[in-house]
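For reference, the structure discussed in these notes is given below.
Only the coordinates and a few stated rules stand behind these numbers; no lab work does. Please read all numbers here as calculations on a predicted model, not as lab measurements. Neighbour counts are summed over all protein chains in view; Cβ atoms, including those assigned to glycine, are modelled from backbone coordinates with ideal geometry.
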Amino acid sequence: MNTPHHASQSEVTPGHPPGNPTLGAPERGATDAPQRTPLPAGYRGGVITAITVFIGFSLSFVRYWGFEAPGQWTSRSVAVFIALLLPIFAEIYALYRALLVSDDDEVAYATTIKWFVWSVCGMLVAVCFAAIVMSGALTPGTS
C-alpha cells in the first residue's frame, strides 16, 4: 500500500521548502547577535580605578558638606546635599557596571564610560552649586 509521506516537525524548518529543510537555515550554534569585541588589556582596571577615585572624592566632599561646613542647614543646603548624592549613585552604578564580566565587551564598556562621564559632570555641577550656596550669593540681602 502506498501511503503519503508526512513530514515530521523535525524534518521541516518553518519557512523552508519540505524537500530541503536546512536550506537557508542558520548553522547550529550561530546567532544573530553581533560579535563580542574584548577590550585591550588594562582598560577595565583603569576605568575601575578612575571611578573609585571619583567616588572617594565625592564621598569626602559630602562628608565635608554634611558635617564640617560652617552654618546651619537651610533648604538650599539640603538641595545641594541631594544634588551631591545623585552623581554619587551614578558613580556607584558605573562602578557596578565596570565590575561585571559582560563589561569586557566594547559596547557595554562604552555605556559604562557614558555613565561615568555623566556622573562626573553631575558632580561638577553639584560642587559649583555648593560653592554658590556657601558663598551666600543666593541669600537675599547679601551682596
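A few remarks follow.
- With R₀ fixed at 41 Å, the C-beta to C-beta distance from A79 to A41 puts the FRET efficiency at about 0.40.
- Modelled label positions at E68 and W118, each set 7 Å beyond Cα in the direction of Cβ, lie 3.1 nm from each other.
- Computed FRET value (nearest 0.05) for F129 with D104, which takes r as the C-beta separation and R₀ as 41 Å: 0.70
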